[in-house]
Every structure is written in structure tokens, then in C-alpha cells.
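Undergrad: The structure follows.
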Amino acid sequence: MAILKVARLGHPVLRRKAAPIPPDRIGSREIQQLIDDMFETMLEYGGIGLAAPQVHESVRLFVAGLHEGDVVSPMTDEVEMPFITVINPEVVPISRETETDWEGCLSIPDIRGQVPRPVAVRLRAFDRRGEKFELVARGLPARVIQHETDHLDGIVFFDRMKSFETLAFMDEFRRYWTKDDE
Ligand code: ZN
């Protein structure tokens, strides 16, 4: 296992459309290693999702999930989200309702901004065993799934913001924005 270098905004790999992984390659040593390393990297940096292009691999794969004791609040108060490995995702909104909430990104360190997204999505993808699965997600997990799938299409959360007025550095975010909704 290894902690991988995370590409930051401005690196062209973040703006490229990533290639699908042929299902018969999912079990390969290389892809399995990449998945393990991506989980390790995500946890090391306190992320709740990490897409392969963020570690300089332009393939359609992301990992996501919360673990206990993670320091990601106030984005995530008490939301359950198991660890998932998602390969070649297809994501379809299943709610017309959108919700605006804070997002951050390991490729855009130390910045938060409010992003509107559909509240619920259906995800179809392959898991790390190469098996197809389908799930419906709402709230934070739906948001994470959309954020990470965007990375596979060269989209970052700035592109989804309606205005940049809420963009904030982490210190200012904590100071001015986290107490509002109590
Ligand atoms: Zn991101």
C-alpha cells in the first residue's frame, strides 16, 4: 500500500475525460493495487471520496466512504456512508429536487464552496470484484457520488457552483460559515 500524490487544480489530468476500465481488467493486480492505494490516500488526507484522475490515473474509478472518527465535519454530521469502490459509473438523478450544500476537494485544498446538486441519484457501476451493482443514494452520499463521477469527466465542483460568493478558505469557512445553520 502507498499514499499517492494528489493532483491539484491546474493539472491537466483533472480536466481530461477518463477512460473506462474493461471489466476483465478489474481483477488485475494493477487495478486492485490502485484501489487499495486510493483508499489509503483518501483516509490519509481525511477525504470522503477520491477519483482516479486525482491520483494521476485517467480511468473511470473512484472510492468513497466515511470512517469513524473522521475529521470532516461540519460537512458530514452523522451521515452513514459505507466504503464503496465504483468503476465505470452511470449516475442518473432520480429527484428533481436540488439541494445546495458545502463541498471541498482534495485537489482544491483548503477551499469550501456551496454547490447545488440533485438530492437523489441512481448509481450503476462495477465493484472491485468486477461485479455489477446498483444503488440509490440520497443526501451526502448522493452528493459525493456526483462529485466523484464529475472528476471522471474532467469537471470540478467550481464548475457546478451557481455563484462564487460562498467560496471560502478553510479558516474563514470555520469562522464565518459554520455557525449559521444551528
Ligand atoms: Zn474532488
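Undergrad: Do you know which residues across the stretch 24-57 are farther than 16 Å from Ile87 by Cα, assigned to a helix (DSSP H, G or I) and within 14 Å of the ligand (Cβ to nearest atom)?
TA: Thr41, Met42
Undergrad: Another one. Condition test on Ile21, is it at pLDDT 95 or above, part of a loop (DSSP other than H, G, I, E, B), of a type outside the set (D, E, K, R) and surrounded by 15 or more Cβ atoms within 10 Å (Cβ to Cβ)? Steps first, answer last, please.
TA: Working: at pLDDT 95 or above: yes; part of a loop (DSSP other than H, G, I, E, B): yes; of a type outside the set (D, E, K, R): yes; surrounded by 15 or more Cβ atoms within 10 Å (Cβ to Cβ): yes.
Yes; evaluated as a whole, the condition is true for this residue.
Undergrad: Does the stretch 99-109 contain any residue that is within 13 Å of the ligand (Cβ to nearest atom), open to solvent by less than 70 Å² (accessible area, probe 1.4 Å) and small (Gly, Ala, Ser)?
TA: Within the stretch 99-109, one or more residues are within 13 Å of the ligand (Cβ to nearest atom), open to solvent by less than 70 Å² (accessible area, probe 1.4 Å) and small (Gly, Ala, Ser).
Undergrad: Sticking with this structure for a sec: Among the residues of the stretch 26-46, how many are over 23 Å from Ile108 (Cα atoms) and either open to solvent by 90 Å² or more (accessible area, probe 1.4 Å) or under 18 Å from the mean Cα position of the chain (by Cα) (or both)?
TA: Within the stretch 26-46, residues that are over 23 Å from Ile108 (Cα atoms) and either open to solvent by 90 Å² or more (accessible area, probe 1.4 Å) or under 18 Å from the mean Cα position of the chain (by Cα) (or both) number 2.
Undergrad: So which of Leu135, Leu152, Leu123 is farther than 18 Å from Ala52 by Cβ and either touching a Lys or Arg at 6+ places or on another chain (Cβ under 9 Å) or surrounded by 16 or more Cβ atoms within 10 Å (Cβ to Cβ) (or both)?
TA: Going through Leu135, Leu152, Leu123 in turn, just one is farther than 18 Å from Ala52 by Cβ and either touching a Lys or Arg at 6+ places or on another chain (Cβ under 9 Å) or surrounded by 16 or more Cβ atoms within 10 Å (Cβ to Cβ) (or both): Leu135.
Undergrad: Could you tell me which of the residues Asp70, Asp77 is modelled with pLDDT under 95, out of contact with any helix residue (DSSP H, G or I) (no Cβ under 7 Å at 6 or more places or on another chain) and either surrounded by 13 or more Cβ atoms within 10 Å (Cβ to Cβ) or in a strand (DSSP E or B) (or both)? Full working, then the answer.
TA: Working: Asp77 fails: either surrounded by 13 or more Cβ atoms within 10 Å (Cβ to Cβ) or in a strand (DSSP E or B) (or both).
Exactly one of Asp70, Asp77 is modelled with pLDDT under 95, out of contact with any helix residue (DSSP H, G or I) (no Cβ under 7 Å at 6 or more places or on another chain) and either surrounded by 13 or more Cβ atoms within 10 Å (Cβ to Cβ) or in a strand (DSSP E or B) (or both), namely Asp70.
Undergrad: OK, next. For the stretch 122-162, which residues satisfy the criterion of being within 16 Å of the ligand (Cβ to nearest atom), within 17 Å of Leu61 (Cβ to Cβ) and more than 12 Å from the chain's Cα centre (by Cα)?
TA: Asp153, Gly154
The values are calculated or read from the model by the stated rules, or taken from the named source; none is laboratory data. Keep in mind it's a predicted model, so treat the numbers as computed, not measured. Reconstructed Cβ throughout: ideal geometry from the backbone, glycine too, with neighbour counts over all protein chains shown. Heads up: the accessible areas ignore ligands, DNA and RNA and are worked out on the full protein's heavy atoms, side chains in. Shrake-Rupley method; radii C 1.70, N 1.55, O 1.52, S 1.80 Å.
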